[in-house]
Each structure stands twice: as structure tokens, then as C-alpha cells.
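Comments concern the structure below.
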Amino acid sequence: MSVYPRYSATEKDLSNLIEKLRLPGYRAKQIYEALWSTRIALEAATNLPQSLKEILEERLPLSLDMTTEEVSADGLTRKWLWQSRKDAAQVETVLMEYPSRATVCVSSQAGCAMGCTFCATGQAGFERHLTRAEILEQVLRAAQSSNRRVSNVVFMGMGEPLANYDETWGAVERLHRDLGLSARHITVSTVGVVPGIRRLAAEEIPVTLAVSLHAPDDDLRSTMVPLNNRYPIAEILDAAAEFAASKGRRVTFEYACIADVNDTDYHANALAKRLIPLGSLGAHVNLIPLNPTEGFSTRGSSTVRILDFAARLRMLGITATIRRNRGTDIDGACGQLRSRVAIGPRPESDSTP
Ligand code: SAH
Ligand code: SF4
């Protein structure tokens, strides 16, 4: 019996399936359109008979069961915790709604092996890579629950997407070709897996690259991001420059601001100095107010400090923006819902700026 995970089934898989079921060929097209063009749940497709929907439950099974859904107080951010039907691995997804569109933040792994000290996912360790079907299902199910059009997908949930390159890229291709997302609206965020950045630079689809830098020098960065010992900043910037040159696209550098650790004038000056050589295309720094996690006692920077840090970067010729934190009341940051459910209550949020 042919069974295909619902969101990794290709058009050819759907045709094969419909043929095996001895149903008319147009059914394959209807299923494909329901899944990718109209982006509805198959159960809601009015042009498919109930008997076929029941068969598809088995032949095109979903990969994830919802365990928790949380909605922020303003109703604009939603977060889900899913459980894999196969092995109960936990996966989280965030939907952020804006006036006329929505962004989905997806996980690429259950857990993460990179062990960044300030990150709840890193603190919890690695479970396994997610499949492209599981990555795509997060986007599609989030889209189905929103009446805004999902226009952006960011790989900023749990996991390191470039450590799960093939499944991540398989998902990116389908988001671009089947869901019709523009390449620049698909953002792959990496902690600095240099060979992965170079592979991305060679791909045809020019996605947006975000690199989580967090520090201007190797000594400091290595205390926050263990992978820095393997791929130091100079190598990361070199790979980022290659990406920027081959895609004609500015690279975003994420920088989580931690009070007195990486947020002083000294750090801003040093950061600007490192990023200026990226050249005319330039770099864009996105400052992230640190979200508190249980396993990391250091405080996030104050809002005033982040504003000053951004102003200094701009003065030195680097574009800088500050990420508005969404859904902090539902732990809308990387890895945080999972850790709360798995470990206990989240820490007091008085250290959030
Ligand atoms: N592994 C990838 C993508 C997932 S993490 C990466 O590290 O880039 C997505 C973003 O959330 C990264 O920029 C990461 O540094 C940031 N992040 C992790 N923990 C955080 C925290 N406690 N507060 C603020 N940002 C955090
Ligand atoms: Fe993994 Fe990214 Fe968290 Fe680091 S910040 S532990 S790479 S998810």
C-alpha cells in the first residue's frame, strides 16, 4: 500500500496514488490544489467526497499531532507544540500576524545539538532532525489557522537548519515552487555552519540568510556559541560575503543583546569594524532583546541600551534594526514553549526589557 506523508508527497506521488486507488486522474489535481494553492486542510475540501477523504487520512497521513496551542493576549501571535506521530518528538511553531499578512517561524530539528548557552533549545539538547514533511506541515497547518496570507517563513524555531541541510532545502524548494513564496521571504537562520552557508550560496533559490553572530570577537562568541570553536567569526564572515556576492543580497546578522556581556559601546564599535569590510552590499544587524530562559541567569539588555547600541552601529555605517518581541506572554521565543511544558514554569519575565 503506498503511503506518502501529506506534505512531502509530490504531484507525481499524488498521481500514482490516485491511479492505485483507481480513481479519475483529476482527483490528484484537486488534492494538490487543496494542499498547495488554496492551502486548506484536506478535510475542509468541499470538492472531495467524504469516502476519499477517509482514504487520504491513511494514504496521505499527517505527521504531527497538536499538543498545545497558545494565543498571545493581543491575539496576533500563536504558538503550537506538536508531537510527531512516529516517535512523539516535540516540535514547535509560531505564527505572527501582521495587518495584511502573516509569518510562520518553523523548527528544523526536534531540539538542537549546538548548545548555545542562552537558548532554551540548546539547553534541552538534540532529539532528531525533522523531515521536510514535518517542516512543511508546520507552515501549512499554521496557514490553515490564519485568515491572513502567509507570506514569510523563517527557520528560527527549534534547531539548526543547516545541520539538517537536505530536509531544510527540500522544504524551501516546495515553499518556493508549490506554495509560491518569494525567495526573499524565506529566511534561513544559522548559528554559523560554514559549509552549509557555502552550499546555500550555490543554490538557485536566493533565500534570505540570517547569521546569529551575537559577539564581535571569537573569545566572547565561543563562550556563548560552542560551534564558534569549529567555525570562527572570520570564516563565517567569509562565507557570508560569498553568499552576499553570489545572491546579490545583504546578509542579516542577529545579535541577542545580553546586559554587560555583549552590549557595550566597545562591542558596538568592534562589531561595526568587523562588518564594514562586507563591502558595498553591506550587512544588516538585527538586535534581539534576550528572552529569559531557565538555564541562563544573565539578563537581557535594557531597551535604552539596545537603542544606544543600534544608534552607534548606524553612526558607524551599519544598518541596524531592533526586533520587536512577539508573544513573550506565550514564550514566543526560540525553544521556550517546549522547555516550559517539559521542564516547568518559565522564569519571571522581569529581566525582559
Ligand atoms: N539555530 C539557528 C536558528 C534557530 S534560533 C540559529 O541559531 O540561528 C533563532 C534565533 O533565536 C537565533 O538568532 C538565536 O540566537 C535566537 N535565540 C535563541 N535563544 C534566544 C533567547 N533566549 N533570546 C533571544 N534570542 C534567542
Ligand atoms: Fe541551536 Fe540556534 Fe538555539 Fe544555538 S541558538 S542552540 S543553534 S537553536
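The values are calculated or read from the model by the stated rules, or taken from the named source; none is laboratory data. Just so we're clear, the structure is a prediction, and the values are computed from it rather than from any experiment. Virtual Cβ from ideal backbone geometry, glycine too; neighbours counted across all protein chains shown. Areas reflect the complete protein model, heavy atoms only, side chains present, ligands, DNA and RNA absent. Shrake-Rupley method; radii C 1.70, N 1.55, O 1.52, S 1.80 Å.
Details
- Sole exception among (1) outside the structural domain of VAL150 (by TED's automatic domain parsing); (2) at pLDDT below 95; (3) surrounded by 13 or more Cβ atoms within 10 Å (Cβ to Cβ) for SER72, by number: (1)
Condition check ((1) in contact (Cβ under 8 Å) with a residue 60 or more places away in the chain; (2) farther than 23 Å from MET114 by Cα; (3) in a helix (DSSP H, G or I)) across all residues:
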| position | (1), (2), (3) |
| --- | --- |
| ALA210 | yes, no, no |
| SER222 | no, no, yes |
| ASN228 | no, no, yes |
| GLU254 | yes, no, no |
| HIS267 | no, yes, yes |
| ARG274 | no, yes, yes |
| HIS284 | no, yes, no |
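- Restricting attention to the stretch 145-198, the residues that are within 16 Å of ligand 1 (Cβ to nearest atom) and over 16 Å from the mean Cα position of the chain (by Cα) total 2.
- For beta carbons closer than 9 Å, sequence separation of 6+ or different chains, a first residue in the stretch 68-83 that is in contact (Cβ under 8 Å) with a residue 40 or more places away in the chain and a second that is of a type in the set (Phe, Trp, Tyr), the qualifying pairs are THR68/TRP80; THR68/TRP82; GLU70/TRP80; LEU76/TYR98.
- In the stretch 141-161, the residues that are in a helix (DSSP H, G or I) and surrounded by fewer than 23 Cβ atoms within 10 Å (Cβ to Cβ): ARG141, ALA143, GLN144
- When residues of the stretch 199-248 are limited to those that are more than 15 Å from ligand 1 (Cβ to nearest atom) and under 19 Å from the mean Cα position of the chain (by Cα), the one most open to solvent (accessible area, probe 1.4 Å): ARG199
- Residue within the stretch 286-296 that is away from ligand 2 (no atom under 16 Å from the Cβ) and either in the same structural domain as VAL225 (by TED's automatic domain parsing) or assigned to a strand (DSSP E or B) (or both) present: no
- Flag for SER8 being open to solvent by less than 40 Å² (accessible area, probe 1.4 Å), closer than 23 Å to GLY170 by Cα and touching a Gly at 6+ places or on another chain (Cβ under 8 Å): yes
- Of all the listed residues (ASN262, ASN325), the sole one being among the polar types (S, T, N, Q), closer than 28 Å to LEU200 by Cβ and at pLDDT 95 or above is ASN262.
- Whichever residue in the stretch 92-110 is in a strand (DSSP E or B) and among the hydrophobic types (A, V, I, L, M, F, W, C) and, among such residues, is nearest to the chain's Cα centre (by Cα): CYS105
- A search for C-beta distances below 7 Å between a residue of the stretch 107-136 that is over 16 Å from TRP80 (Cα atoms) and any residue that is open to solvent by 10 Å² or more (accessible area, probe 1.4 Å) and among the aromatic types (Phe, Trp, Tyr), counting only pairs 6+ apart in sequence or on different chains, returns CYS112/PHE126; ALA113/PHE126; THR117/PHE296; PHE118/PHE296.
- Residue among ARG128, ARG85 that is open to solvent by 30 Å² or more (accessible area, probe 1.4 Å) and farther than 30 Å from TYR231 by Cα: ARG85
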